[in-house]
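The values are calculated or read from the model by the stated rules, or taken from the named source; none is laboratory data. Keep in mind that this is a model prediction, so the values were computed, not measured. For neighbour counting, all protein chains shown are included, and Cβ atoms are generated from backbone atoms with ideal geometry for every residue, glycine included.
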Amino acid sequence: MSNVLFTSQATAEGGRKGTVKSSDGLIDFNLVMPTDDSEETGSNPEQLFAAAYSACYDGALNLVAGKKKKDINSKTTADVSFLKDEADNGFKIGVTLTVEINGVSQEDADMLAKEAHKVCPYSKATRGNIDVEINAKAV
């Protein structure tokens, strides 16, 4: 890898029923499987991915808007679904990004959302690997 700007680190132990902790201790979660009939509380990989993807995408959206001289306020919600994969009888994830953009028309909201999807590092990483649906709403 070249041109590394920074590296974040987290370590998981025990898989989906274990723990995950970042090297700086800011993330320190018990992990649970939401489909289990359990009283345990904790996070899961899909929730953590949803948080990361929504933050990254919203940043990309604001970068694109700034370059296009659009003054916006935005909110991005990522719904990450854990899905049965019929192709291999395993599992996969899918993402729906709901993007609320204040300060532009619906046409501009659609254009900004599409452009942000082109430059967001998480969108680049998932392109062609998982289904990602984007719903832009001018508010």
Which of the residues belonging to region 97-125 are exposed (fewer than 15 other Cβ atoms within 10 Å of the Cβ) and within 13 Å of the chain's Cα centre (by Cα)?
P121, K124, A125
All-but-one check, R16 against (1) in the same structural domain as P121 (by TED's automatic domain parsing); (2) in contact (Cβ under 8 Å) with a residue 24 or more places away in the chain, failing number (1)
Go through region 1-120 and tell me which strands (runs of 3 or more DSSP E), entirely inside it, have 3 or more residues that are of a type in the set (D, E).
none
Scanning region 38-73 residue by residue, the ones that are modelled with pLDDT of 95 or more, among the hydroxyl-bearing types (S, T, Y) and over 18 Å from L97 (Cα atoms) total 1
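This table checks each residue for (1) of a type in the set (D, E, K, R); (2) buried (at least 16 other Cβ atoms within 10 Å of the Cβ); (3) in contact with a strand residue (DSSP E or B) (Cβ under 6 Å, 6 or more places away or on another chain).
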site	(1), (2), (3)
M1	no, no, no
L26	no, no, no
G59	no, yes, no
V80	no, yes, yes
